[in-house]
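Have a look at the structure below, then the notes.
The values are calculated or read from the model by the stated rules, or taken from the named source; none is laboratory data. Quantities reported herein were computed from a predicted structural model and do not represent experimental measurements. As a convention, Cβ positions derive from the backbone with ideal geometry for all residues, glycine included, and neighbour counts pool all protein chains shown.
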Amino acid sequence: MAQYAQARGLKTLLAACFSQAIETYHQWRVFAYGPAGVCVQFDKEALLSSVPAMGFSHRLIGYKTPTELHSSYATIDELPFVKGMPYRDEIEYRILYSSETQVANSKSFSINLAVVRAISLSPWLAPALVEATTASIHDIPGCEDIPVTQSPVVSNQFWLKYVAQNSR
């Protein structure tokens, strides 16, 4: 990304990265480890329709081996949308903001809260805080009907019950 920004003479290059993969332990551990992690599920088409045209671009990431990258002669414009094969399980979709004139640490745009399909709280959040956190989210105007659950990734009740029944 830094090389792309330099090659393009950009003063600002920002990225919002979204995984399209199903929820995994790996995602929680790497991207949102600890009790403060949150997964927000979006309606992709509705979210993308909110992205302004000016200064923004977005698309699915392509995954390549070093040999494929070299042999495909990826253009400079493709570089922010290419990653190595070890990251392919992320199935990443990326929204970029770039500017040749403006220096910025962030760039926002309005979205309708209806684009939020669900919120999953950290699997490491203390059970006593799940209810309070859910209530706090539902107290936000426009968020009353968003489903909020705690991720079962580390304490899936089906698996725990199965293990308990079959380990005797």
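Key figures
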item: The stretch 25-40 - residue that is hydrophobic (A, V, I, L, M, F, W, C) and in a helix (DSSP H, G or I) and, of those, farthest from ASN112 (Cα to Cα); result: VAL30
item: Matching residues, the stretch 81-92, being part of a strand (DSSP E or B) and either charged (D, E, K, R) or out of contact with any Lys or Arg (no Cβ under 8 Å at 6 or more places or on another chain) (or both); result: LYS83, GLU92
item: Filtered residues of the stretch 81-100 (kept if at pLDDT 95 or above and of a type in the set (D, E, K, R)); result: GLU92, ARG94, GLU100
item: Every residue from the stretch 115-152 that is in a loop (DSSP other than H, G, I, E, B) and surrounded by fewer than 14 Cβ atoms within 10 Å (Cβ to Cβ); result: ALA126, ASP139, ILE140, PRO141, GLY142, GLU144, ASP145, PRO147
item: Qualifying positions in the stretch 93-114 - under 17 Å from the mean Cα position of the chain (by Cα) and in a loop (DSSP other than H, G, I, E, B); result: SER106, LYS107, SER108, PHE109, ILE111
item: Count - residues of the stretch 41-80 that are assigned to a helix (DSSP H, G or I), modelled with pLDDT of 95 or more and not hydroxyl-bearing (Ser, Thr, Tyr); result: 5
item: Subset of the stretch 56-78 that is surrounded by 15 or more Cβ atoms within 10 Å (Cβ to Cβ) and hydrophobic (A, V, I, L, M, F, W, C) - its residue that is nearest to PHE18 (Cα to Cα); result: ILE61
item: Within the stretch 39-55, considering residues that are small (Gly, Ala, Ser) and more than 19 Å from the chain's Cα centre (by Cα), the one surrounded by the most Cβ atoms within 10 Å (Cβ to Cβ); result: GLY55
item: Test for TYR4: is it assigned to a strand (DSSP E or B), surrounded by 12 or more Cβ atoms within 10 Å (Cβ to Cβ) and at pLDDT below 95; result: no
item: Single match in GLY34, GLY55 (criterion: at positive phi and out of contact with any strand residue (DSSP E or B) (no Cβ under 9 Å at 6 or more places or on another chain)); result: GLY34
item: Residues satisfying the stated conditions in the stretch 25-38, i.e. among the β-branched types (Val, Ile, Thr) and surrounded by 14 or more Cβ atoms within 10 Å (Cβ to Cβ); result: VAL38
item: Long-range neighbours under 6 Å by Cβ, at least six apart or interchain, first residue touching a residue at least 40 places away in the same chain (Cβ under 8 Å) within the stretch 99-112, second surrounded by 12 or more Cβ atoms within 10 Å (Cβ to Cβ) and of a type in the set (A, V, I, L, M, F, W, C); result: GLU100/LEU10; LYS107/LEU14
item: All positions within the stretch 7-24 that are over 21 Å from the mean Cα position of the chain (by Cα) and not in a loop (DSSP other than H, G, I, E, B); result: ALA7, ARG8
